[in-house]
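Trainee: Please find one structure pasted underneath; my questions will follow.
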Amino acid sequence: MPNLSGTSVWSPEDERESERNCGSAILDSMRSLDRDIDTVRNRITYLERRREVIRKVVKLALWTAIIGLVAVSVCRAETASFYTYNSCVREGTSGVWTASGERFNENDYTCASWDYRFGTLLRVTNIHNNRSVVVRVNDRGPAKKLYRKGRKIDLSYKAMDALGGINKGIIEISVVRVN
């Protein structure tokens, strides 16, 4: 309500109007704040889902790497060498007796292996010429350091000759258990 001097006088109606405007402004601010909180919640939910997806991708990548390493080690070419009476004597073993207790004969189809029990029959195939031979495990070998590098078995002279590897000394093979 204007007074005679031209300045406005504060009235109770103006005060109620001010409270309504202030209340409206507070409500608008609260609504805006609620929208901001909802936006932050949605962003957090998005980030949590994204973190979970990243965690799963990393886990999958690790498992893929582990499986790849296992596959590489399984698919690694295995090798075989041969041994004779003279090579056994040179290495300091008797050259006469095998670990199974039988007499060593380099002219039998036998082999030395750490992976199979004595008496197990194995089909050994030279992967370069596809020749194969069945041998019986009757000894332990090859030397542990060679075994760790991929040397699977030591063959008798006769078995290595049948596979065509005497001149090479070491051949790449595949081994399959027969019995």
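Just so you know, all these numbers are worked out from the coordinates, no wet-lab data involved. Computed from a predicted structure; not experimentally measured. Please note: Cβ atoms are built from the backbone with ideal geometry, for glycine as well, and neighbour counts cover all protein chains shown.
Trainee: Can you tell me how much longer the chain between S24 and N167 gets when fully stretched, taken as 0.36 nm per residue apart minus their C-alpha distance, in nm with one decimal?
Mentor: In short, 41.6 nm is gained.
Trainee: Add +1 for every Lys or Arg and -1 for every Asp or Glu among the other residues with Cβ under 15 Å from the Cβ of L62, and state the total.
Mentor: +3
Trainee: Which whole-angstrom value gives the distance between the alpha carbon centres of the stretch 35-53 and the stretch 108-139?
Mentor: 62 Å
Trainee: Which residue, chosen from G101, G141, S87, occupies the Cα position most advanced towards the positive end of the dipole of the stretch 77-177, where the dipole is computed from +1 (Lys, Arg) and -1 (Asp, Glu) charges on Cβ about the Cα centre?
Mentor: My answer, from the dipole projection, is G141.
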